[in-house]
1. Restricting attention to region 306-327, and to residues there that are at pLDDT 95 or above and surrounded by fewer than 19 Cβ atoms within 10 Å (Cβ to Cβ), which single residue is nearest to residue 267 (Cα to Cα)?
2. Of the residues in region 79-93, how many are in contact with a strand residue (DSSP E or B) (Cβ under 7 Å, 6 or more places away or on another chain) and more than 15 Å from residue 22 (Cα to Cα)?
3. Is there a residue in region 229-244 that is within 19 Å of the chain's Cα centre (by Cα), closer than 22 Å to residue 153 by Cβ and touching a residue at least 60 places away in the same chain (Cβ under 8 Å)?
4. Output the number of the condition that residue 277 fails; it satisfies all remaining conditions of (1) closer than 19 Å to residue 24 by Cα; (2) in a loop (DSSP other than H, G, I, E, B); (3) out of contact with any helix residue (DSSP H, G or I) (no Cβ under 7 Å at 6 or more places or on another chain).
5. What's the number of the only condition in (1) out of contact with any strand residue (DSSP E or B) (no Cβ under 9 Å at 6 or more places or on another chain); (2) part of a loop (DSSP other than H, G, I, E, B) that residue 306 fails to meet?
6. Please work out which one of (1) farther than 22 Å from residue 109 by Cα; (2) touching a residue at least 12 places away in the same chain (Cβ under 8 Å) is the condition residue 255 fails and give its number.
7. Out of 77, 130, 101, report the one residue that is in a loop (DSSP other than H, G, I, E, B), touching a helix residue (DSSP H, G or I) at 6+ places or on another chain (Cβ under 9 Å) and within 25 Å of residue 40 (Cβ to Cβ).
8. Quick one: in region 185-211, of everything that is in contact (Cβ under 8 Å) with a residue 40 or more places away in the chain and surrounded by 20 or more Cβ atoms within 10 Å (Cβ to Cβ), which residue is nearest to residue 245 (Cα to Cα)?
């Protein structure tokens, strides 16, 4: 053991765990990007797969314990960033003992009625494990704008950094007054503060991933990522330089609020699949001032009926024309059932019946929407699988992983699925 871990040499690598309802993947990618900019070889596990730097090792939802174990057992990995989802925690735990930084982005209605989780407090109880399982010398990052997330501070036993879109957030101000740390917006700039001392990290005008401040949900993700990197001991200016180089396009952040110019109109591709995500993307889309907003919408079949209707209602309030599709994996629903619930919600949200089309197959719905788009329009696509969408839009998609490599990885991890 002394030969493997000589005295005085580190035997652990930095581990950042990120959970929440929305924003996990983007926040994880931002943190990984900052760490890579320091020359570290970074292992990243997200909803879209396992990555070692820019190389995809495995495609799929890898937000549970086996992917964490895989990365932490790889001698090439010098830092690990782990998107950590509810399902993986409930079914298999965390896959690591303690992290150096635990982040909770937000908590809103999703997955209720699954795995014994009946309300938001149940969701918060499960996700709080990520900030409870932080090394005593580590750091917890919490969203001060989300009262439920902020209430989890009592469960932490380590240094605490709050982030907020509002510089006058009462909880943040109290924390700073007591000598605590926070990351917030001030005068169009991301600011990091401890007590009364503050430093500019980066102006919003230098952050393409936030559409230079217009995509507020990605501003919040930047704040969370900044706080996580501060928790690892990085300097504010170093973090800012790296964040400014994260473009948020299909290369840096595939499938997350990607804005694509199609000539006469634009397309926005996003993985949103719950009411809070729909609301955030629509808010960002409206800031682009399109002539019309068209939407291709769908929700996974395992969501509760009222949550599906609420997603439809938000879409009905925000879109001028809606194409309703269903996932190929119906998750126990009858064909057309989810589409019917979304249609009910869209009508309740004020969308006229003649402006709603049911096209159940995702690819056909996208093709129908593209055919209807006109000059100046913005078409928002909430997708199930990204690669087929990119193919329809004329992009080659993400680099595939060879089937033999996937088998290798599954065997190495003792594959049981996340």
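The values are calculated or read from the model by the stated rules, or taken from the named source; none is laboratory data. Note that the structure is predicted; figures quoted are calculated from it, not measured. Methodologically, a virtual Cβ is constructed for each residue, glycine included, from the backbone with ideal geometry; neighbour enumeration extends over all protein chains shown.
1. In this case the residue turns out to be 320.
2. The number of residues fulfilling the criteria is 3.
3. yes
4. Just one mismatch for residue 277, condition (2).
5. Condition not satisfied by residue 306: (2).
6. The failed condition is (1).
7. Selected residue: 77, the only one of 77, 130, 101 that is in a loop (DSSP other than H, G, I, E, B), touching a helix residue (DSSP H, G or I) at 6+ places or on another chain (Cβ under 9 Å) and within 25 Å of residue 40 (Cβ to Cβ).
8. 209
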